[in-house]
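See below for the structure under consideration.
The values are calculated or read from the model by the stated rules, or taken from the named source; none is laboratory data. Bear in mind the structure is a predicted one, so any value in this text is a computation, not a measurement. Cβ atoms come from the backbone with ideal geometry, glycine included; neighbour counts cover every protein chain shown. Just the protein is used for accessible areas: all its heavy atoms, side chains included, with ligands, DNA and RNA removed. Shrake-Rupley method; radii C 1.70, N 1.55, O 1.52, S 1.80 Å.
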Amino acid sequence: MKYLDPKADLTFKKVFGEHKDLTISLLNALLPLEKGKEIEDIEYLPPELVPETPMRKDTIVDVRCKDVLGRQFLVEMQMIWTREFMQRVLFNASKAYVRQLDRSVHYELLQPVYSLNLVNEKYDESNEYYHYYSIVNIEHTDQIIDGLHLVFVELPKFTPQTFSEKKMQVLWLRYLTEINEHTREVSSELTEDPHVKKALLALEESAFSPAQLEGYDHFWDMIRTERTYYASAHRKGLAEGRAEGRAEGRAEGRAEGKEEGKREALLSVVRNMKKQQIPSETISQLTGLSEEDIKTLQ
């Protein structure tokens with residue numbers, strides 16, 4: 001059996017944008033929901049309308065939904081990490097939270113917004129792959145303002161042994177990290193779960209039309225192109241930084257050389273004045289050097 005990679009735009013939206021049960025299973029597995037407050041049902045929301053730009057056009061895949069309680073869930077697959085990504089996630093989550101409020105809604109009726117962000121690159125130096133952010137009292141971390149919940153998962157850092165007690169979290173992350181075009185056999189641990197098995201069936205290449213497969217290949221071409229662009233921009237930035245550093249170093253060296261030359265010329269004059277037995281007090285007044293420095297000068 002030949003599969004496609006679940007992280008691509010085509011496959012991610014097919015699996016999690018068309019099958020409510022799979023999306024619910026993924027969210028319950030990866031979000032920090034309190035026991036007894038798991039998601040039971042959802043309805044899909046229209047995707048966020050954002051201007052297309054060469055810098056982010058094909059790097060983000062998203063699915064949006066809300067449950068029967070009114071809680072909103074934003075799921076994004078970020079293919080290429082950028083510095084501004086966290087700020088954009090916070091902005092979008094905040095916007096979704098604020099949009100709940102109209103003339104008929106009171107503040108106490110606002111429901112939390114959960115943003116689940118699956119990142120296909122490493123961006124943190126720690127060994128932890130799971131990062132959860134919320135509005136917390138710094139001194140009393142058990143006190144939380146229930147409004148925005150941001151989760152970032154660094155997929156390349158995930159290993160099956162991590163959080164082994166959270167079975168479904170591990171299974172879904174294995175699904176996202178182990179399955180791709182090179183997969184021919186799937187672990188029985190994945191096929192034993194009905195939700196993951198259904199998600200695997202949705203990835204079979206035979207389930208897609210030639211036009212869809214062409215779009216799938218185009219997606220990965222765009223990702224490779226943008227990775228090359230970012231890498232080139234990074235190398236250019238490093239080169240410019242090194243050149244600027246060398247230029248500053250040369251300028252500082254020339255300035256230091258000039259100052260040193262001026263000081264040596266001044267000291268030479270002072271030595272000659274001392275040979276002529278001019279009083280130290282007079283030399284100090286003329287040169288600005290202290291009398292102590294003049295006396296010790298050889």
Exercise. If we keep just the residues of segment 180-201 that are small (G, A, S) and in a helix (DSSP H, G or I), which is farthest from the chain's Cα centre (by Cα)?
Worked result: S188
Seminar exercise, completed: Within segment 204-221, of all residues that are outside any helix (DSSP H, G or I) and not acidic (D, E), the one most open to solvent (accessible area, probe 1.4 Å) is S209
Exercise. Among the numbered criteria (1) assigned to a helix (DSSP H, G or I); (2) surrounded by 14 or more Cβ atoms within 10 Å (Cβ to Cβ); (3) not β-branched (V, I, T), which single criterion is violated by P156?
Worked result: (2)
Exercise. Residue check, K157 against (1) modelled with pLDDT of 90 or more; (2) charged (D, E, K, R); (3) in contact with a helix residue (DSSP H, G or I) (Cβ under 9 Å, 6 or more places away or on another chain); (4) more than 19 Å from N28 (Cβ to Cβ), all met but one. Which one?
Worked result: (3)
For this session: Name the one entry in Y123, Y114, Y132, Y175 that is among the hydroxyl-bearing types (S, T, Y), open to solvent by 80 Å² or more (accessible area, probe 1.4 Å) and either over 20 Å from P32 (Cα atoms) or in contact (Cβ under 8 Å) with a residue 40 or more places away in the chain (or both).
Result: Y132
Exercise. Which condition breaks for K66 when tested against (1) over 17 Å from A29 (Cα atoms); (2) touching a residue at least 24 places away in the same chain (Cβ under 8 Å); (3) among the charged types (D, E, K, R)?
Worked result: (1)
Exercise. In a helix (DSSP H, G or I) and under 26 Å from F219 (Cβ atoms), is that true of R83?
Worked result: no
For this session: From (1) touching a Pro at 6+ places or on another chain (Cβ under 8 Å); (2) touching a residue at least 40 places away in the same chain (Cβ under 8 Å); (3) not charged (D, E, K, R), pick out the condition that doesn't hold for V170.
Result: (2)
For this session: Collect the residues in segment 12-34 that are farther than 17 Å from L116 by Cβ and in a helix (DSSP H, G or I), keeping them in residue-number order.
Result: K14
For this session: For segment 88-96, state whether one or more residues are of a type in the set (D, E, K, R), under 20 Å from the mean Cα position of the chain (by Cα) and in a loop (DSSP other than H, G, I, E, B).
Result: no
